[in-house]
Each structure stands twice: as structure tokens, then as C-alpha cells.
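Just so it is clear, none of the values below were taken in a lab; they were calculated from the coordinates. This structure is a prediction, so every number in the text was calculated from the model and none was measured. With ideal geometry, Cβ positions are generated from the backbone for all residues, glycine too; neighbour counts draw on all protein chains shown.
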Amino acid sequence: MIGYYVHHHGRGHLHRAVCIARHTGRPVTGLSSLPRPADWPGPWVRLPLDTGGPLTDVTANGRLHWAPVGHDGYRERMRLVADWITRARPSLLVSDVSVEVAGLGRLLGVPVVVAAMRGDRRDPAHTFAYDLARGLLAPWPAELPEPGWPEHWYAKTLHAGAFSRHDDRPRTAGTAPSGGRRRVLVMLGAGGGDIDDTLLAPARRATPDWEWTVLGGGGTWAADPWPPLCAADVVVTHGGQNALAECAAARRPAVVIPQDRPFGEQSATGRALAQGGIALVRASWPTAREWPDILSGAVRLGGAGWARWSYGDGARRAASFLDRLAGSSAEEASWVA
């Protein structure tokens, strides 16, 4: 049995977990505050939220990321994870992503795999989790590694490349817009970030030969973004791992505008994409007059470079990695009934 902790912020962690769990040779139990998705292949343990109410010393003097003192939701959350470990006796626990859950699993004698993230993760809390992990799972290519890691992190990392729920789907083409215009698809995600109509409207006016569609944020929400993604001539998106994996699966030309995230995660991803010549990367939202040249530049760059970011079988690579580590863990384990 493999346990898989899924963080509840956004949907990228969940999509990644589902992709991997479909390919493992061992049963996988999900542990999350999110509802069990309909396509999850195994059991699911629903955890309470650990937010709201008075929050005291959440970082344990800078050594952890989220461990509020005296918080009932946090205490019950960790109790349920520990109870499940005691009953299920997993051979491996994946944390995607929580330093505290990774630490709890390892303290209870379970080998841990931590989902790695871009940016400077050399703070005490991340160092603790990455050091204790038996393996690190990086959803980006080995050819574009995260710089500055200690050698022992690289040595235990699987660089699976980006992977998406759409990797096995055929690419489709939609009906061309009227008047011979080309399509821009803006993917904002569930949160939307800082992009709103005050920025989008001038960009639209400056590019009358382009039809703009917005998914997420204040625009239309699509449970299945694959058809509009495939039909887009250019995708404009933030630097989140899941959004980029979906662009990579569709092999669409892209303009990536990293959003401000803790530890500089999206900015670090943007630097890797620019270094690899995979997408046009802008540090901030362009001015209206810049957009015609930017869109034309993205078309010239094309989407073929995404093959260097996403191998097409990243979920299978990740699942094989987990199965291998779970197998070696089971051989070494000495659970006592």
C-alpha cells in the first residue's frame, strides 16, 4: 500500500496524484481535505482543514511551514494520518506537499517521497523534508534542473518531466474563428492571480486580429480545458506546474507570465523555460502595445519545444519510481502486529 497526501490548495496537486495513482502497481490511498475525485482508483481519507480561528506560532520558530499551536483542525488532521498509517501499514508515503506530513510519516517509520518544487527550497523546513525523504519527485526534466541543490538531493531525485491528465489524449482542432482571426487562450487557474479585465481589455483592443478567451479567474471555468487548449494558436498562462504541463501536453505556443509565489517558485520555473527556449517568458504583464509582437513571437517559437519539458510518459515514470521505492521499503520493513 502507498499513501498519497494531496494538498488542498488549487487543483494541480490533485491532478498530479490521480495521474500517478492510475499507473502504480500497488494500491494507493489518498489523504486530503479535498473530496475524493470520481476517477480516484483507491481508498480516500478525508481530512479536516487546518485553517481558520486563532493561529499561533504556525512555523514552530521557522522550523516548519504550518503547525499552528492548539488548533483542533490541525491536531485532528495529523491524528487521522497517523491512525491510517498505524492501520494500513503502508510501505511508502508520498507528500504532495506538506513538510509536516512528510515528517510525521517518517517519524512513524514510513519511508517518504516528497514532491519537489521549483524555487529556493533551502530554508530549514524544506531542507528537513528533502533530507529525510527516501526520494524526491521532480515534475520537470533533468536537462533543466533546479540549480543550487545539494548533491544528495539530486542523487535521489526522479526527474519525471512534466505530466498532465491529458497526456494520452489525441490533440484536436476547433472551428476557426470568424474573419480569419487567431485564438489566444488565457489560462488563469482557479485562483486567477492578479490578472483581471483592467489588464485584459487593453490587450484585446491592441490585437484586433486575435480572439481572446479566458479560462479561470473571472472568466469561464472549464472542467475540461483540453478542447480550447488544443484549438489555441497561443496560450497565455502563469508559471504553475499543472498549467504548464497541460500546455506541454497540447504542444501549444505559450507566453508564460510567472506569478509571485513563496520561495520564488514560478519565477524559477520561468527561468528554466526561457533557458530551454520552450516558451516566451515575461516577468510581468506586458503593456497593450507590446502584445502584437509578443503573440507573433510566440507563434514563431512554436510549441515543439514542450517535448523537452514533457516526455509524454511522466506519470508512468513517477508511478514506477514509487513502486520501486515501495518494494524496497516492504522488503526492509519489520512491522510488528
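Extending 7 Å from the Cα toward the beta-carbon at both T59 and A307 defines two label points whose distance is 4.4 nm. With each label modelled as a point 7 angstrom along the Cα→C-beta vector, the S328-T172 pair spans 4.3 nm. Choose one answer from H13, H152, H126: the residue with the largest mean-square fluctuation in a GNM of the chain with alpha-carbon springs under 10 Å. Comparing H13, H152, H126 in a Gaussian network model of the chain, the most mobile one is H152.
Note on D197 and R282: the extension gain reaches 28.7 nm, defined as 0.36 nm multiplied by sequence separation minus the Cα-Cα distance. Helix content alone sets the calculated 222 nm mean residue ellipticity of the chain: runs of n ≥ 4 DSSP H residues at -39500 (n - 2.57) each, divided across all residues, give -10500 deg cm²/dmol. Note on the chain: GNM, Cα springs under 10 Å; of L188, L108, L158, the largest mean-square fluctuation is that of L108. Annotation for R36 and L132: the two label points, set 7 Å from Cα along the Cα-Cβ direction, are 2.8 nm apart.
Values of log10 I(q)/I(0) for the stretch 178-308 across q = 0.22 Å⁻¹ run -1.53, by the Debye formula with one identical scatterer at each alpha carbon and no solvent.
Counting neighbouring Cβ atoms within 10 Å and putting the fewest first, the residues T287, T157, T237, T213 line up as T287, T213, T157, T237.
Computed with the Debye formula from one identical point scatterer per Cα of the chain, without solvent, the log10 of I(q)/I(0) at q = 0.06, 0.07 Å⁻¹ comes to -0.22, -0.31. Evaluating kT/(6 pi eta Rh) at 25 °C and 0.890 mPa s, with the Kirkwood radius of the stretch 1-116 over Cα pairs in the Stokes-Einstein relation, gives 170 µm² s⁻¹.
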